[in-house]
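Report on the structure given below.
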Amino acid sequence: MIWDLPTRLFHWSFAACIIGAFISGERGALEAHEYFGLAATGLIVFRLIWGFIGYETARFAHFLPAPATLIAYIKAVFARRPNLMIDGHNPLGGLAVIVMLSVMGVMGVTGLWTGDDVLYDAPLTVAGVAPQLAQPMAVWHEKLHFLVPLLVLIHLLAIIAHRLWLKEKLLSRMISGGTAEHRPTRNETIKGLVLLGLCVGGSLSLSLLTPTY
Ligand code: HEM
Ligand code: HEM
């Protein structure tokens, strides 16, 4: 198996939460935005931990490319002969994962202090955690939000390019998990699912700090 169940569950719920957070943020639907944003942030925390203790292909050590490997891969892509049998992310995909998690992670963390200057104060501001951060965090949350659709667009174009240019079917294996010699054990899968639930639940519980509308 290439993608274990917790990683696939992470991926599809993360995609849904990021789309939900972006649309609700743009529309000023702050109650929904808080839930989507907190869930996305919890998912990122899960993915960071899973990158160290998770199933083989989900580990950062498995796919973080050395610069020489990355350059060799990019050259091979342009020559249309990359190694398509790579088990997990290719070097460019590995880099994209880090960029996406970092940018979305910054959106999530800055959001924890972002208010709307009218009715809504974010959880950590309400809790009195470093209230002096509320102003700069809100500025960065606003400044960086354009990167979200940009990265998603690049991500989708890359998947389409893989399909059309390299004849590589990445989508089906992110749905089914794909096939490979090794499979995660039942215990590994359960460990991942429990961790995912704890991270998302823990993050969502921050919404208890803010008043409901
Ligand atoms: C990865 C997660 C997140 C994404 C992608 C995201 C995205 C966005 C976007 C696109 C906007 C609209 C910006 C604009 O049009 O100026 C926004 C605004 C906002 N976000 Fe987030 N956000 C995330 C997490 C959070 C979290 C966790 C919170 C709070 C718990 C939060 C609180 C807010 C608030 C209060 C606004 C409105 C700011 C204003 O009206 O000035 N966000 N966010
Ligand atoms: C807001 C939307 C999305 C976000 C934020 C997002 C984010 C990500 C992230 C972080 C990964 C790395 C997975 C990991 O290692 O944990 C990934 C992989 C992947 N995503 Fe998405 N994704 C989004 C939407 C989609 C959609 C709509 C598709 C399908 C068309 C898709 C297809 C894939 C595939 C096939 C991979 C695996 C690539 C590979 O085999 O190396 N994603 N995505």
The stretch 27-44 residues that are closer than 16 Å to LEU196 by Cα and more than 6 Å from ligand 1 (Cβ to nearest atom), paired with ones that are open to solvent by 20 Å² or more (accessible area, probe 1.4 Å) and outside any helix (DSSP H, G or I) (beta carbon under 8 Å, 6 or more apart): none
When THR114 is run through (1) within 16 Å of ligand 1 (Cβ to nearest atom); (2) under 22 Å from the mean Cα position of the chain (by Cα); (3) part of a helix (DSSP H, G or I), the failure sits at (3)
Filter the stretch 122-142 for residues that are near ligand 1 (Cβ under 9 Å from one of its atoms) and assigned to a helix (DSSP H, G or I); the one that is nearest to LEU38 (Cα to Cα) is PRO123
Return the residues of the stretch 128-169 that are crowded, with 17+ Cβ neighbours inside 10 Å and touching a Lys or Arg at 6+ places or on another chain (Cβ under 9 Å); say none if nothing qualifies. HIS162
Would you mind listing the helices (runs of 4 or more DSSP H) fully within the stretch 1-100 where at least 3 residues are open to solvent by 30 Å² or more (accessible area, probe 1.4 Å)? 5-27, 30-53, 67-78
In the stretch 158-213, which residues are among the basic types (Lys, Arg) and assigned to a loop (DSSP other than H, G, I, E, B)? LYS167, LYS169, ARG183
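The values are calculated or read from the model by the stated rules, or taken from the named source; none is laboratory data. Note that this is a predicted model, so its numbers are computed, not measured. Positions of Cβ are backbone-derived with ideal geometry, glycine not excepted, and every protein chain shown enters the neighbour counts. Remember, those area values only see protein heavy atoms, side chains included, never the ligands or the DNA or RNA. Shrake-Rupley method; radii C 1.70, N 1.55, O 1.52, S 1.80 Å.
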